[in-house]
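Below is one structure, written out as structure tokens; the observations come after it.
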Amino acid sequence: FVKPRNTLLSPGEPVIAPEGEGVWQVGVSLGIVIGRTACRVAESAAGDVIAGYAMVVDFSVPHDSFYRPSVRFKARDGSCVIGPRVVAAEEIGSPDCLAITVTVDGQIVQRANTGNMIRPVARLLADVTDFMTLAPGDVLMLGVPHGAPLVRAGQRLRAEIAGIGAFETVIQ
């Protein structure tokens with residue numbers, strides 16, 4: 001799925017619970033930040049086009065369909081936080097072995113690792129650039145771990161990817 005411009009939210013801005021039941025599903029992903037034009041990149045050359053990595057916190061309205069989620073569930077205004085910073089690619093030893101931790105109200109609700117995603121970073125980049133060109137500044141999400149937790153208005157969320165950074169907010 002694509003996260004259009006309307007979904008982007010700066011790390012310091014409030015995350016507003018969606019209308020209705022007021023529940024977000026929280027997916028934490030490693031963001032692969034593209035450093036130069038990437039078209040038909042071989043897996044072995046993936047590192048040549050990656051500028052760095054950032055954490056992406058993807059807020060979605062809970063839904064049943066994993067493979068074909070409705071745009072109305074995934075592309076809500078203010079539903080995607082990228083940051084708090086971009087870490088240079090050379091500062092990360094292996095992007096395919098980073099711990100992901102999510103806490104809600106101080107309780108750990110998810111532990112995962114980028115090594116457990118469907119494809120490693122280089123393979124994903126090769127697969128995606130086989131059918132579309134990525135430009136400098138584009139961010140490709142590695143994917144979110146299975147079992148993304150839920151948060152409601154009033155709850156405190158903390159998401160972290162080891163070596164990349166953490167994001168904290170109270171859902172409004």
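The values are calculated or read from the model by the stated rules, or taken from the named source; none is laboratory data. Keep in mind that this is a model prediction, so the values were computed, not measured. Cβ: placed from backbone, ideal geometry, glycine included. Neighbour counts: every protein chain shown. These accessible areas exclude ligands, DNA and RNA; they are computed on the full protein's heavy atoms, side chains included. Shrake-Rupley method; radii C 1.70, N 1.55, O 1.52, S 1.80 Å.
Per the listing Asp96, Asp138, the residue uniquely out of contact with any Gly (no Cβ under 6 Å at 6 or more places or on another chain), open to solvent by 20 Å² or more (accessible area, probe 1.4 Å), in contact (Cβ under 8 Å) with a residue 12 or more places away in the chain and closer than 17 Å to Ile50 by Cα is Asp138. Apart from one condition, Glu13 fits all of (1) buried (at least 19 other Cβ atoms within 10 Å of the Cβ); (2) closer than 25 Å to Ala166 by Cβ; (3) out of contact with any Pro (no Cβ under 9 Å at 6 or more places or on another chain); the exception is (1). Inspection of the range 121-136 finds a residue satisfying the criterion of being among the aromatic types (Phe, Trp, Tyr), part of a loop (DSSP other than H, G, I, E, B) and either within 30 Å of Ala45 (Cα to Cα) or in contact with a strand residue (DSSP E or B) (Cβ under 6 Å, 6 or more places away or on another chain) (or both).
Residues in the range 133-150: is at least one at pLDDT below 95 and among the charged types (D, E, K, R)? Taking every residue of the range 133-150 in turn, none turns out to be at pLDDT below 95 and among the charged types (D, E, K, R). Filtering the range 4-54 to residues that are within 14 Å of the chain's Cα centre (by Cα), polar (S, T, N, Q) and not in a strand (DSSP E or B) leaves Thr7, Ser10.
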